[in-house]
Amino acid sequence: MTRDDNSFENKKWFFIYHSVNPNIWSTPKGFSAALKKLGIKVFEFTYANPLDFNFPSNKYFIENEIKVIISFCAGHCKILEENLSRIKKELNIFIVCELGDEPQTLIFNSKRAEISDLCLTPDYRSSLYWQNQGYKAVWFNHWADSTIYKKNEKMKKQKFVGTSMGLRKYHFLLKFLLGNSYINQRCSPEKNAIIYQKSKIVFQYARWDEITRRIFEAAACECCIVTNRLPSHTQIETIFAHNVSAIYYDNFFNLIFNLIRLKIKPELYKKIASNSYKIVSENHTEKERAKYLIKLINESR
């Protein structure tokens, strides 16, 4: 098998990711669907137990003329790493590894970064770290799947603040202060989208000082994002600017101040929500990420 094609577009790709139930939507499944819409023939392979599954043999890849392998994995998976290493040694297939929820999973990813022809990370500083180790790594920040997360003109925005973050910092105080105008519920992606669609503001607290997927998904539902101020090395303000397409708070008192400001100035949260929606819908969807990956692979040959 050689890489003498003019392009990897319209070729056959093998996409492996963890899924307890491959029949329900997940971020990788949505990404796979976007690749298919762009003309890629995707062979999806899921595993429910990272400690026990059978990876396909070399024969499978040769018979199906696989040109690219994509792996989405957050955390350690020895079976995956061993088999990707085998593929790298024995077959001439381009390997792409998405490195999960970095920076918190950085400790697990050294082997996959080494194996990859191209590795993708949602964390800007982690991309620099892997580049400094001599690996081909790019900042591949989070996105919103537009098949799930989208604005709904028929849904009235009846909740002042909504979130699906669970019992993280500030939850109990917000519940006490806002009462029924605040909703926080961990649920399926479809129900999560409904929470965003009926919320004016989506609150977030990033425990790891990382850019979370939640803010892209909320923006796709045309919500005003209110999240804790992240370090400059995350590059978050190159995507969402403070007071323009998001609100960043420094502490609880600053959070309350900003919520009061948004309450008495509804035109402000509507403008921020509109700006963030435009940013995400035009630049940070599953389709845009799939197109970007195809471009990266073609340029990496």
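Values in this text are rule-based calculations from the coordinates and carry no lab data. All values derive from a computational prediction rather than experimental measurement. Here the Cβ positions follow ideal geometry from the backbone for every residue, glycine too, while neighbour counts run over all protein chains shown.
Couple of notes before you dig in:
- Exceeding the 30 Å Cα-Cα cut-off - candidates LYS198/LYS295; LYS29/LYS151; LYS36/LYS59; LYS154/LYS287: LYS198/LYS295
- Rounded if a/c under 1.5, otherwise prolate or oblate - the stretch 229-301, Cα gyration tensor axes: oblate
- Residue among SER116, SER57, SER199 with the largest mean-square fluctuation in a Gaussian network model of the chain, springs linking Cα atoms under 10 Å: SER57
- P(r), alpha carbons of the stretch 157-301 - 10 Å bins starting at zero, rounded %: 12, 42, 34, 9, 3, 0
- Label sites at HIS76 and LYS265, each approximated as a point 7 angstrom past Cα along Cα to Cβ, lie 4.9 nm apart.
- Choice from ALA144, ALA193, ALA220 with maximal GNM fluctuation in the chain (Cα, 10 Å cutoff): ALA193
- Calculated from the structure at hand, Kirkwood radius over Cα pairs in Å is found among [x] 20.4; [y] 28.1; [z] 19.6 as [x].
- Distance between the stretch 113-179 and the stretch 224-295 - C-alpha centres, whole angstrom: 11 Å
- Euclidean distance of C-alpha centroids, the stretch 22-53 and the stretch 58-76, integer Å: 12 Å
- Computed [θ] at 222 nm, helices only, for the chain once each DSSP H run of length n ≥ 4 contributes -39500 (n - 2.57): -11500 deg cm²/dmol
- Taking 0.36 nm per residue of separation and subtracting the Cα-Cα distance, full extension of the segment from ALA48 to LYS36 would add 2.0 nm.
- Result for the chain in a Gaussian network model with C-alpha springs under 10 Å: among HIS142, HIS284, HIS18, the largest mean-square fluctuation is at HIS18.
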